[in-house]
Structures are given as C-alpha cells and as structure tokens.
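Just below is one structure, and these are the notes that go with it.
Derivation of every value follows stated rules applied to the coordinates shown; laboratory data play no part. Source: prediction; values computed, not measured. Every residue, glycine among them, receives a Cβ derived from its backbone with ideal geometry; neighbour counts consider all protein chains shown.
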Amino acid sequence: MAAAKTVDDYLAALPEEVRPVLQEVRRTLHAAVPGAGETISYGIPALTSGGRAVVHFAGWKHHISVYPVPDTAGDAALEAELTPYRAGRGTLKFPLNHPVPLPLLARVAARLLEQRTHRPEDPD
C-alpha cells in the first residue's frame with residue numbers, strides 16, 4: 001500500500017470496520033481543536049494548529065491509537081481516565097471491540113492544544 005498523502009486517502013485505505021470509527025474520532029478531535037489543519041505526519045493523520053502538530057491518530061485492525069498522551073500533572077481525574085488506555089509512554093490505545101470514549105478524546109485533544117500553545121517553541 002502506498003503512503004497516504006491526505007487524511008482522506010488514509011481513511012479510504014482503512015478496513016471497512018475501522019473507517020467509520022476513525023472518521024468519528026477525526027470529527028471529535030476537530031471539534032476540540034477549532035480551526036485545526038490536517039496533515040499526514042509519521043505516516044498517520046495529525047491535526048495541526050499554527051503549523052504545529054497537536055494530536056496524531058491512527059486506525060489499526062483491532063484498535064485506534066492517539067498520540068501523544070498529554071501531561072496530566074495536577075489532573076488526577078484525567079490521569080485515572082487515561083490509565084486503562086495507556087499503551088506505552090506516549091500512546092493511547094482504544095480497542096475497537098468497545099465504544100471509543102469520544103468525550104475523553106475531546107478532552108485529550110483540548111489539553112494537548114493548551115499545552116502546545118503554552119509551550120516554548122520547539123522543533124516537531
């Protein structure tokens with residue numbers, strides 16, 4: 001399979017059972033990151049703000065992944081909600097055999113945007 005050049009191309013190449021879930025994830029993340037742009041970064045879709053990647057998302061055969069995990073320092077409630085989905089230091093993994101917690105994904109994206117906006121310039 002050739003590398004996707006657009007998010008729509010990426011979604012079109014997904015298996016039928018994964019595509020609608022990832023489309024809903026895409027809509028949810030866009031609602032949480034107003035005015036976001038889209039790009040393919042590291043071979044997967046990413047939302048951008050101010051030309052900088054905010055959140056990446058990907059569809060796999062059995063799960064959806066969201067990258068990176070926001071800093072949850074000072075927010076024990078958010079950390080508790082994210083803990084069951086952590087799959088490595090910077091990855092959240094949501095199995096497709098359970099409903100994807102879209103409100104949680106919206107909070108993750110909003111938190112990442114806030115952290116990205118208030119962080120000094122750094123290379124992507």
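Here is how the numbers come out for the structure above:
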| quantity | calculated |
| --- | --- |
| Unit charges on C-beta of K, R, D, E only; dipole of segment 7-117, Debye | 160 |
| Order of I44, I64 - criterion: other Cβ atoms within 10 Å of each residue's Cβ, fewest first | I44, I64 |
| Two-site FRET efficiency, R52 against A80, from Cβ-Cβ distance with R₀ of 30 Å, rounded to 0.05 | 0.60 |
| Calculated Rg and Dmax of segment 7-117 using C-alpha coordinates, Å | 13.1, 39 |
| Anisotropy class of segment 12-53 from Cα gyration tensor, a/c 1.5 cut | oblate |
| Vicinal HN-Hα couplings computed from phi for segment 94-110 (Karplus, 6.51 cos²θ - 1.76 cosθ + 1.60; Hz; Gly/Pro x) | 10, x, 6, 8, 9, x, 6, x, 4, x, 5, 4, 4, 5, 4, 5, 5 |
| Interchain or long-range residues, amide H under 5 Å from L96's placed H | H63, I64 |
| Distance from segment 65-99 to segment 3-61 (C-alpha centre basis), Å | 18 |
| Calculated from backbone phi, Karplus (6.51, -1.76, 1.60) coupling profile of segment 37-48 in Hz, x at Gly/Pro | x, 10, 8, 9, 9, 6, x, 9, x, 9, 9, 10 |
| Segment 7-117, relative contact order in percent, only Cα pairs under 8 angstrom and at least six apart counted | 26 |
